[in-house]
Amino acid sequence: MRRPAATFVLLVLTCLAARAQVGSGDLLNPLPIRDQFLLSNGFFFFEPESSRVLPENEYAIAMSAADSNTFAKSEWIARSEFGQTHRAAALDVLANSRFHLGSPVFLVDGETHRVELALHRGVGGNLEFGVTLPISRIGGGWSDRVIEDVHQTLNIANGNREAFRRNSETVYLQSATTLYIRNRSAGFALGDIAISSKYELKSLEGRDVSMAVTGVLELPTGDARTLDGSGSIDGGLQLAASRDFSRTRFHASVGVLRLGANRRLGTRAQLVVTDTVGISHLLSDRTSAVVQMTVSESPFRNVGIAEFNRRSHQLSIGMQRRIGRSLVAYAALIENLLTYENSADLGIAWGVTYRPPG
């Protein structure tokens with residue numbers, strides 16, 4: 001938590017003195033928040049982005065960070081531990097023979113701390129190139145007590161959190177073909193580096209409508225053993241569109257991912273669909289509010305676990321602020337909806353985008 005926050009503050013202080021042209025349109029861009037499920041940390045996922053490209057020879061540097069808490073378990077664990085409040089170590093509980101009867105079992109308990117550094121450049125001809133470098137850490141975190149207290153205040157069930165130790169990390173996945181276990185952080189590590197190109201579809205646009213298609217190739221530079229990478233070359237295509245109404249913008253995107261096999265987690269090569277719809281509104285010339293919903297298929301939907309067959313629903317609510325003439329900063333709260341065993345419970349995200357003088 002402290003290292004991403006320190007990076008954020010340092011980047012803000014570095015860029016405040018610079019001069020550039022950041023218009024109000026940048027404040028209406030969607031929030032660049034990907035799927036936050038801990039078990040999916042190493043997989044490639046699209047992030048919502050602007051449907052316009054940068055002008056020729058202009059570039060943007062972005063830093064985004066997210067801390068997310070995940071507590072997800074299979075139905076058999078939920079039934080077996082219902083009402084327990086003794087807070088046992090998760091692996092001690094899972095050592096019981098009743099969890100080894102042949103049926104798939106999973107428990108994902110921990111926090112992800114993920115930072116992404118990205119560079120985008122417009123090259124003319126409605127084209128933009130980019131590269132994204134992710135750094136992440138998985139561990140026990142700090143927020144379990146906060147989440148439990150909020151649930152109790154709102155009279156919401158804690159989903160058997162009381163049965164396991166707070167702020168501890170356990171990733172346990174047992175399927176017909178795979179057994180994956182980890183309960184110790186490997187520290188911050190490089191993830192899979194992504195190279196992207198975006199082409200704006202000018203011929204299909206209107207006065208207040210913009211559209212773009214983005215292609216991404218992700219290289220297996222992260223370690224699949226620690227969930228920092230997927231262990232394969234991944235990629236995909238995303239179509240983004242937006243419609244402006246004075247001080248409001250509606251935006252939507254749909255992406256098709258081609259994920260290679262992940263032998264550590266027992267997933268095979270597959271196509272995954274993810275989409276986001278949202279609305280941004282200018283509260284002032286320097287501030288905007290953004291609400292968006294991301295719906296994604298799970299890369300684990302074919303491993304024989306019922307909880308992963310449904311799509312995840314991730315709601316992000318945030319604000320963006322223009323700082324000086326060169327910087328846009330954002331902060332957001334992330335919450336899962338409708339399905340709770342295939343997505344992160346709660347997350348916070350923040351970041352900055354810097355555009356130097358043209």
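Values in this text are rule-based calculations from the coordinates and carry no lab data. For clarity, every value in this text was computed on a predicted model and none was experimentally measured. Note that we place each Cβ from the backbone using ideal geometry, even for glycine, and neighbour counts take in every protein chain shown.
Quick notes on this one:
- Relative pair counts by distance (%), Cα atoms of the range 57-180, 10 Å bins: 11, 32, 24, 15, 12, 5, 0
- Remark: the residue 208-residue 315 segment gains 35.9 nm on full extension, using 0.36 nm per residue and subtracting the alpha carbon distance.
- Cut-off 15 Å (backbone N to label point 7 Å along Cα→Cβ of residue 199), residues of the range 238-258: 238-240
- Taken about its Cα centre, the chain carries a charge dipole of about 300 debye when Lys and Arg each add +1 at the Cβ and Asp and Glu each add -1 at the Cβ.
- Semi-axes of the equivalent ellipsoid of the range 245-335 are 35, 13, 12 Å, computed as sqrt(5λ) over the eigenvalues of the C-alpha gyration tensor in descending order.
- For the range 114-195, the Kirkwood estimate of hydrodynamic radius, built from reciprocal distances between every pair of different alpha carbons, is 16.6 Å.
- Stretch gain in nm, segment residue 154-residue 56, where the contour uses 0.36 nm per residue and the Cα spacing is subtracted: 30.2 nm
- Placing R0 at 41 angstrom, the Cβ-Cβ distance between residue 331 and residue 181 gives a FRET efficiency of 0.75 after rounding to 0.05.
- Taking Cα atoms only, the orientation of helix 144-153 departs from the longest principal axis of the chain by about 90 degrees.
- Residue with peak Gaussian network fluctuation, the chain [Cα springs, cutoff 10 Å], from 224, 212, 89: 89
- C-alpha center-to-center spacing [the range 222-291, the range 46-78] in angstrom: 7
- Packing, taken as the mean count of other beta carbons within 10 Å per residue, orders the peptides 178-187, 322-331 from highest to lowest as 322-331, 178-187.
- Crossing angle, helix 2-15 versus the chain [Cα axis fit, 0-90 degrees, rounded to tens]: 0
- For the range 117-130, the Karplus equation 6.51 cos²θ - 1.76 cosθ + 1.60, evaluated at θ = phi - 60°, returns couplings of 10, 9, 10, 10, 9, x, 10, x, x, 6, 10, 9, 10, x Hz by residue, with Gly and Pro reported as x.
- P(r), alpha carbons of the chain - 20 Å bins starting at zero, rounded %: 30, 57, 14, 0
- Dipole of the range 84-177, positive end: most advanced residue of 103, 122, 134 [Cβ charges, Cα centre]: 103
- Dividing the helix sum by the residues of the chain, where each DSSP H run of 4 or more adds -39500 (n - 2.57), gives a mean residue ellipticity at 222 nm of -2500 deg cm²/dmol.
- The label-point distance for residue 162 and residue 269, in a model that sets each label 7 Å from Cα toward Cβ, rounds to 4.9 nm.
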